[in-house]
Amino acid sequence: MDKKHTVYTACAQTGEIFCSTFGGKTVLYATVDETATALAVDHERIVYVGTQSGRIFAVRLDGRIDEVYRGTQRIVGIGIDRDAGLHIAMEDGTLVRVPAKKRLDSQP
């Protein structure tokens, strides 16, 4: 849920990400080309989608989708710290922290 009380959900079979507003309206928000296994949203309302293949995509408000992390295991949980760092839980129980400046979408 984001700061505007919008709830985000994913369809694992289709990769579709939906948002449901506080008023109860549900719309298709984005689609990723993989099986979605975890979702998180940050304070800027960027939705992070973890996938079965170990990748994380950032879905931005303007509709742009960027790959921000690439791992080797299914992602089962995503947390975001106040500095936009990702805390990633893998299928085998491994926890990985990726600082914002180390993400694939960070600028050099």
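Coordinate-derived values only; no laboratory data. Model, not experiment: these values are computed from the prediction. Cβ coordinates were reconstructed from backbone atoms using ideal geometry, including for glycine residues, and neighbour counts include every protein chain displayed.
For region 1-47, applying the loop criterion from DSSP together with a ceiling of 16 other beta carbons within 10 Å to the chymotrypsin sites (Phe, Trp or Tyr not before Pro) yields Phe22.
Here the Kirkwood formula puts the hydrodynamic radius of the chain at 13.9 Å, using every distinct Cα pair.
For Gly85, nonlocal amide neighbours, meaning residues 5 or more places apart or on other chains whose placed amide H falls under 5 Å from its own, are Ala100. Distance between the modelled labels on Val7 and Arg45, one decimal in nanometres: 1.8 nm (7 Å Cα→Cβ projection).
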